[in-house]
Structure formats: C-alpha cells, structure tokens
Amino acid sequence: MKEIVCLAIESSCDETAAAVVRDGRIVESNVIVSQIDIHKKYGGVVPEIASRQHTESINLVVEEALKQANRTFDDIDIIGVTAGPGLIGALLVGVSAAKGLAYALKKPLVPVHHIKGHIFANFIEDKSLEPPFLCMVVSGGHTHLIKVKSYSEFEILGKTMDDAIGEAFDKVARTVGLGYPGGPLVDQAAQEGQDVCHFPRPVFENLNFSFSGIKTAVINYVHKTPEFNINDVCRSFEEAVTDVVITNIKRGMKQAGMNKIALAGGVAANRMLREKLKNFCEKNGYQFYYPAPVLCTDNAAMIGCAAYYDYLDGKTADLSLNATANLSIEKDL
Ligand code: KG4
Ligand code: ZN
C-alpha cells in the first residue's frame, strides 16, 4: 500500500504546532512553538493573546515542519487538524490554516479530537501497541479513564466530577507561590518533600474522580500554616492525587478485564504518577505505556497519528469545517 504522509496542525491552547507523520506512527518532524513565556506574567493563558500568537507563528511552524521532514507540499497526502475541544479563537487559527492548505493542495482534510490525539501519542511511542487497552487521560482540561476498544471505539469508564487533574496541579502551584504552568514546578518541588500533610484521597463506588476536595484541603492547610514548607505541601498533594488515580486504574483494569494501561495528556509527564503506575504494573504483570514528555504536552505529531486512523476510517471534512470549543469526549471522540 502506498504510504500516507500527513501534515498535522495543533493550536488548541498555547502551543502552535505542526508535524509531518508518515503512516500514522513515523514522526518525520514535530515542531512546537510554546507561548508559555508570554502567558506567564498573567498567571495563565490569555485566550486573546493566544489567538494572536498562533496567527503570527502558524505559517512559520508549518514551513519548519516540512523543512525538518525534508518534504514539500507536493509530498503531503492528507491535512490533519485539531478541531476541538480548546480555546475557540486559538482553534480557529489552526482550522483556518488547515482548510486553506487542503483547498490549495486539493487534499483531504481530517478534523481530529484533541483528546484522541493525546491517547494516540502512545501509538507513536510504542509502534507495537494495539487496542484494546485502558488509557488514563490526565491533562489540563480532562481527567478520563477510557477503554480504547479499537482505533475508533471508546468507552468512558470514569471521569472527573469537578476539576481536571492538571487544573488542580496549577491551582496548588499558585496557592503555594510557584509560577505558571504549575504542574512541572509542583513535580519538581515534590521531589524534595515529605508527605506530612496527609490530604484526603476521595474514591467513589464508580470510577469517577474528584480533585476539588484535595485542592481545597491544600488551600486550607496553607492558610492555617504560616510557615508551611512548599516541598512538603507539593509532595503531600502529589501523593494524594496519584493514589486516587492509581486506585481507579486498579479497579478499572479488573472491571474491564484489561492487561494494558497507557497514560496520556500533559500530567502524564508527572514523575510520581509514572513511577507509581510502573510499580503497580510490574507487581500485577500489566503492560504500561507512556509517551515521552514531548508527546505528552500539546503537539501536532499526536494529531497526525489520530488523523491517519480517522482518514482510514473515512472521517474527512469538507471546507465548511468549524472549530468546536466544547467538543464532547462522550459523543465525539
Ligand atoms: O495536555 P496538556 O498539555 O494541555 C491540555 O490539553 O490541557 O496539559 C497541560 C497540563 C497543565 O495543567 C500542566 O500543569 C500539566 O499538564 N503538567 C504537569 C506536568 N507537566 C505538565 N502536571 C504534573 N506534572 C508534570 N510534570
Ligand atoms: Zn492537550
């Protein structure tokens, strides 16, 4: 079969990214321009600024992705793009660029669900991974335990009822006085700390998650303890949230009769989560998959991978494609 070369674009939040991916799993280039330094001084992503930055970077990022892959537009077979969920103005920049390219090159346009991209990063990392497996999606906006039944069928086993796990990390970072984005800084501080605070570890009868109680416990502790130790608070918080995630994965694996578990999303880069899950899998004889850090954060290679499988499944769009800020996981994945 002829190879399929995908030019993929991702612009759902604060990273402008383009990649060239061959046959879904071979990454020929993966270019990411991060806006973190620009948003840092505001303590979070400013949507209006994000859109403007995407507009400035998008063409350069696409050109660089082609250059690094040693490709020209003539080599491209399909255009993949994140169509949602995300910041609407940010998404529109990528979707408009992708539509323009699809029209000019007369190539199929493949809209990709951002969370599907995060899950599919695992197929790039491990070329032998095949469904079915469980995937724990832990990102800034989502916390979902998903049964990946095939490349196109997904079942949600559990999800957060309040904050996403990444949101909780970012909020805790702000509470203890660390900067933005908080996750990597909490990860770093926790390495030096001890679990002295014993924050709660809420679990439910079903496989849903709740992080707002842990977050509030951290805020209360910090307010009541003038001389709190940042490293200890971060360590205690991480121990609590990772215990909750591992508990639900443990139950989910049994319930779904699975022996493979993958991590996905920005928080999948967290060292304690990886370590605990690795130990748990070793003890139970489960296979554990996790993407390299560059494939955990927002990137276009993962979008190129998902676009390839969606294309094989006939899921292309015409030029009326629109970006959707709140594309659902339950219905649209
Ligand atoms: O998946 P992602 O890049 O963007 C979304 O689609 O949301 O996830 C971003 C989230 C942020 O909340 C960030 O603080 C968190 O991932 N994060 C981490 C780590 N690296 C990024 N959280 C904990 N530990 C990390 N090492
Ligand atoms: Zn993401």
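The values are calculated or read from the model by the stated rules, or taken from the named source; none is laboratory data. Here the structure is a predicted model, which is why all the values come from computation and not from measurement. When we count neighbours, we look across all protein chains shown, and the Cβ atoms used for this are built from the backbone with ideal geometry, even at glycine. The accessibility values were calculated without ligands, DNA or RNA, using every heavy atom of the protein model including side chains. Shrake-Rupley method; radii C 1.70, N 1.55, O 1.52, S 1.80 Å.
Brief remarks on what is shown
- Residue that is nearest to ligand 1 (Cβ to nearest atom) [pool: residues in region 1-14 that are under 19 Å from the mean Cα position of the chain (by Cα) and at pLDDT below 95]: 13
- Checking 87, 92, 105 one by one, the residue that is open to solvent by 20 Å² or more (accessible area, probe 1.4 Å), within 16 Å of ligand 1 (Cβ to nearest atom), over 26 Å from residue 247 (Cβ atoms) and in contact (Cβ under 8 Å) with a residue 12 or more places away in the chain is 87 and no other.
- Restricting 22, 52 to residues that are open to solvent by 60 Å² or more (accessible area, probe 1.4 Å), of a type in the set (Lys, Arg) and more than 27 Å from residue 328 (Cα to Cα) narrows the list to 22.
- Total residues in region 266-299, condition part of a helix (DSSP H, G or I) and either away from ligand 2 (no atom under 16 Å from the Cβ) or surrounded by 18 or more Cβ atoms within 10 Å (Cβ to Cβ) (or both): 20
- Unique match (being buried (at least 20 other Cβ atoms within 10 Å of the Cβ), assigned by TED's automatic domain parsing to the domain that holds residue 265, within 20 Å of the chain's Cα centre (by Cα) and more than 16 Å from ligand 2 (Cβ to nearest atom)) among 172, 233, 176, 218: 172
- Considering 310, 318, the condition of being away from ligand 2 (no atom under 16 Å from the Cβ), outside the structural domain of residue 222 (by TED's automatic domain parsing), under 30 Å from residue 64 (Cβ atoms) and exposed (fewer than 15 other Cβ atoms within 10 Å of the Cβ) is satisfied by 318 alone.
- Options 209, 228, 199: the member that is closer than 16 Å to residue 134 by Cβ, in contact with a helix residue (DSSP H, G or I) (Cβ under 7 Å, 6 or more places away or on another chain) and not small (Gly, Ala, Ser): 209
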